[in-house]
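The values are calculated or read from the model by the stated rules, or taken from the named source; none is laboratory data. Since this is a predicted model, take the numbers as computed values, not measurements. Quick reminder, even Gly has a Cβ in these numbers, built from the backbone with ideal geometry, and neighbours come from all protein chains shown. Just the protein is used for accessible areas: all its heavy atoms, side chains included, with ligands, DNA and RNA removed. Shrake-Rupley method; radii C 1.70, N 1.55, O 1.52, S 1.80 Å.
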Amino acid sequence: MITEKNKVFMLTTRETSYIFRVLPSGHLENLHYGDRLREQDFRAIHMKQNAGAGSSVLYRDGAMSLDLLPLEYAPNGKGDYRIMPLEMEMPDGSFVTDFVYAGHEIIEEALPMETLPTAYGEDAMTLIVTLRDKLFPVTLKLIYTVFYDADVITRRVLLKNGTDQILKVRKIMSASLDLLSESYDVITLDGGWIREAHAHRRNHAYGTLVNESSTGSSSNRHNPGVILARPGTTEDHGRCYGVNLLYSGNHHTAVEVSSHGIVRVMTGISPHNFLWPLAPGAVFEAPEAVLTTSGKGVNDLSHHFHDFVNHHVIPERWSGKERPVLLNNWEATFFDFNERKILSMAREAKKLGVELFVLDDGWFGERNDDTAGLGDYEVNRKKLPGGIRGLADKINAMGLYFGLWFEPEMVNEDSALFRKHPEYAIRVPGRKPSKGRNQLVLDLAREEVQNYIISQVETVLASAPIAYVKWDMNRHISDLYSEAVPHQGMAFHSYILGLYRVLRKITEDFPDVLFESCSSGGNRFDLGMLCYMPQTWASDNTDPIERLKIQGGLSYFYPPSTMGAHVSQSPHQQTLRRTPLETRFHAATFGLLGYELDLQHLNLKEKEEISQQISWYKSHRKLMQFGRFYRYDEEKDNRVNFMVVSEDQEKAVLGNFQILQKPSPSFDVLRLKGLLKERLYQVETVKASMDIEAYGELLKHITPVKLKPGGLILRNARKIYRLPHNVERYEAYGDLLQSGIRISQQFMGTGYSKETRMLGDFGSQLMTVISKEEVENGDR
Ligand code: DGJ
């Protein structure tokens, strides 16, 4: 809902209000962003300035200093010395701008952009406030879109050059927001390859903190999502704000605590190596920024983001649509496969309940390792004599969907494409380019390169029944130079505009194909990619203990329905850590479940376990993929709990993970979240079993004969027997479950009974929660 009265704008969502007004000077003053307020006289929250503070510069005679005001989009060079949202060289050569109110318009829908992805939604409403520079005919439109049910407001700007000279835009933020509070904790997701999206929280009391990327993509170093939480805010209590950006290139979010305690947050394209010459009459569209706030803790804030992603970002046709359980061959084979091997993996996968087989890297050109072949999407007939069509048909005939890997934005020097079109690769003339994974990046700013990619990918997609595509991108950009742009300051952003054109065309032409984006894992996990591809491979790290940090971090901004999560072979290829099969599944089940291991290396019992996992997941899939996801504050470093609750609060699943076993540990209490207090529920441990090897010599206490650890009998016994985990069952009301179940005692170093919870290092359990009513309706 958006209203305007006497130049006061009220943007209202289900639970929040965003209010600003036009000042007599024509600038916009932010009055409130927080809990929902009714319409009233807002003079009580106008900023009152009676005298300029000592050294402040006054905008006009009297007491108005822009520096002391919470502004919507500050003008540059007029006495506001905080970080600036817009910096450009004007026709007079100065960097001074002074944008003031010139009019506004309220529209009953979201307005899609032509060049960049935009959030959509039937209930969306848009406010466009036009600001005009006081000296030159340059206009800046501030565009606000309200997504009522998701409690999200998006912001972006559109800059139009009405002069007859080129404007040089050095920095243009999509949104800038000033909040009245002296200090916030800032939460960011940082990391690198195989350790993406680790959440970091620190107090930010003074100065400027910047969260940005310069790799050419949103990056695994710093995700574009940022949260500001009042000190003391927890997962379930307290005020917090979140920002994110629908953009996949270099991003920039800065948080400044000013000398008078106003906190300015701004987000947009990174100014790193950015310079956009805006021609006379031209318009620059900035990507859409996402804002949300909650007074009920960070979990609630995440729920706003999750609703927004599920209903307003990912392609509408995938919204709420359950995703298949897949098997991907990458960790099992790398480049070393042939049709026979692939078919036997697929056959085994089918027996276990897998629905989609994905053929990863290595199927085209001379791509037998990572030094060659990228760019040439001709199938390698030595490996796949029947081509992609032949393989896909055979896999379909087994009753499986078929999926395929591509890395279309890249080229190897050892490829037919590079030999024919070396100019397609990004590099500075006269300089030897740096390489990443032996490859160069194609210049997607060039239209002929975009067209080449579109035609290569579409030819393959049209040639066979391909139901799924994994779209990979395995290096950062360096040596940036593009023939396609008049100024190299445009190159990074033009790459992303080219990428979006390619993605829009291919995904529109093949609307039924499920696309999963990937960039060495989660190097491009962002809302821009999600606008075209509803899911992302979260990380190349498939170790479940690492995944808890990665998926837990991503969950601040992105719902489980966006996170590819696979069960792989232990010891894990990324960490050499050994983890139990059940924990690998338990971590992956809080995402889009897949398997990435050679099923033929599993024993009978492990296969049985996997088949049970898949059938359990299928019957809980809607809940696991689209349920309300909760994190926990308690003991984050040694114990991680995840919980999902169905929209109607009738069903839930809790995952309880232990990192390291403590000697003689204290008793565990599980506090369930998101349930209805007055509803009666049944809680039950999901059956799982453990490899008997984990017990070592302790087995002698529970087996009638003495077994030698590592001996032949034990080695054979583990193929036919796994020890069942303890199972607990309770019936209780939501209020009791919320205050905490005291679950069974863990192994204390002595004694064992069927009730003992044997978790050990990296152990875990799942518990299902279902309302009594549902049980009686037979929905178990
Ligand atoms: C990086 C991806 O993240 C992996 O899953 C795999 O697809 C490889 N690329 C293949 O080269």
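Ordering 134, 754 by how much accessible area each has at a 1.4 Å probe, largest first, what is the list?
754, 134
Out of every Cα-Cα pair in region 2-315, what percent are more than 31 Å apart?
26 percent
At what distance in angstrom do the alpha carbon centres of region 556-577 and region 176-223 lie from each other?
The distance from the Cα centre of region 556-577 to that of region 176-223 comes to 23 Å.
For a quick check: with amide H placed at 1.01 Å from N, whose amide H comes under 5 Å from residue 64's, ignoring anything fewer than 5 positions away on the same chain?
It is 59, by chain and number.
Spelling out what I want: for every residue of region 78-91, take phi, set θ = phi - 60°, compute 6.51 cos²θ - 1.76 cosθ + 1.60 (Karplus), and round to whole Hz; glycine and proline get x.
Couplings: 10, x, 9, 9, 7, 4, 9, x, 9, 10, 8, 8, 8, x Hz.
With θ set to phi - 60° and the Karplus curve 6.51 cos²θ - 1.76 cosθ + 1.60, what are the ³J(HN,Hα) couplings of region 731-745 in order, to the nearest whole Hz, using x for Gly and Pro?
These are the phi-based 3J(HN,Hα) values: 10, 6, 7, x, 5, 5, 4, 5, 6, x, 8, 8, 7, 3, 4 Hz.
Please get the size of the charge dipole for the chain, origin at its Cα centre, with Cβ charges of +1 on Lys and Arg and -1 on Asp and Glu, quoted in debye to the nearest 20.
With Lys and Arg at +1 and Asp and Glu at -1, about 1820 debye.
Give me Rg over Rh for region 501-609, both radii from the alpha carbons and Rh done the Kirkwood way, two decimal places.
When Rh is taken as the Kirkwood radius, the ratio is 1.03.
In nm, what is the difference between 0.36 nm times the number of residues separating residue 634 and residue 428 and their Cα-Cα distance?
69.0 nm
Students sometimes get this wrong: rank 434, 646 by accessible area, probe 1.4 Å, all chains present, largest first.
Per-residue accessible area, sorted high to low, gives 434, 646.
Per 10 Å bin, what is the whole-percent P(r) computed from every C-alpha pair distance within region 217-275?
Reading upward from the zero bin: 20, 43, 31, 7, 0.
³J(HN,Hα) across region 176-183 via Karplus (A = 6.51, B = -1.76, C = 1.60, θ = phi - 60°), whole Hz, x for Gly/Pro?
9, 9, 10, 10, 8, 5, 7, 8
Between residue 754 and residue 676, what is the label-to-label distance in nm when each label sits 7 Å out along the Cα-to-Cβ direction?
3.5 nm
Figure the gain on full extension for residue 745 and residue 81 (residue separation times 0.36 nm, minus the Cα-Cα span) and round it to one decimal in nm.
Contour length minus Cα-Cα distance gives 233.1 nm.
Please quote Rg/Rh for region 631-776 to two decimal places, taking the Kirkwood radius as Rh and restricting both calculations to Cα atoms.
That ratio equals 1.03.
Extension gain residue 481-residue 322, at 0.36 nm per residue separation less the Cα-Cα distance, in nm?
Difference between extended and current length: 53.1 nm.
So for the chain, taking the charge dipole from beta-carbon charges (+1 Lys/Arg, -1 Asp/Glu), which of 623, 453, 206 sits furthest toward the positive end?
Among 623, 453, 206, the one farthest towards the positive end of the dipole of the chain is 623.
Could you check the simple spin-label distance between residue 382 and residue 108, using points 7 Å along Cα→Cβ, in nm with one decimal?
6.4 nm
Mind checking the dipole of region 302-458: about its Cα centre, +1 per Lys or Arg Cβ, -1 per Asp or Glu Cβ, Debye to the nearest 20?
Result for region 302-458 is approximately 400 debye, rounded to the nearest 20.
Ignoring everything but the protein chains, give the 1.4 Å probe accessible area of residue 347 in square angstrom, nearest 10.
120 Å²
Please report the orientation-averaged projected area of region 119-211, defined via the convex hull of its C-alpha atoms, in nm².
It is 10.1 nm².
Using label points projected 7 Å from each Cα along Cα→Cβ, tell me how many nm separate residue 727 and residue 397, to one decimal.
So the two model labels end up 4.1 nm from each other.
When DSSP beta bridges are limited to those with both residues in the chain, what percentage is antiparallel, rounded to the nearest 5?
80 percent
Starting from the amide H of residue 689, placed 1.01 Å from N in the peptide plane, find each other amide H under 5 Å away whose residue is 5 or more places distant or on another chain.
Correct list: 725.
Using protein chains only and a probe of 1.4 angstrom, how many square angstrom of residue 639 are accessible, to the nearest 10?
30 Å²
Quick check on the chain: helices-only [θ] at 222 nm, where DSSP H runs of length 4 and up contribute -39,500 (n - 2.57) each and the sum goes over total residues. Nearest 500, please.
Value at 222 nm, helices only: -5500 deg cm²/dmol.
Quick check: with the 1.4 Å probe, what order do 264, 584, 715 take by accessible area, largest first?
From most exposed to least exposed: 715, 584, 264.
Given the protein chains as shown and a 1.4 Å probe, how many square angstrom of residue 168 are accessible, to the nearest 10?
Accessible area of residue 168: about 80 Å².
Pop out the Kirkwood hydrodynamic radius of the chain from its pairwise C-alpha distances, inverse of mean 1/r, in Å to one decimal.
28.0 Å
Please report, to two decimal places, log10 I(q)/I(0) for region 421-462 at q = 0.24, 0.31 Å⁻¹ as given by the Debye formula with identical point scatterers on the Cα atoms and no solvent.
-0.87, -1.07
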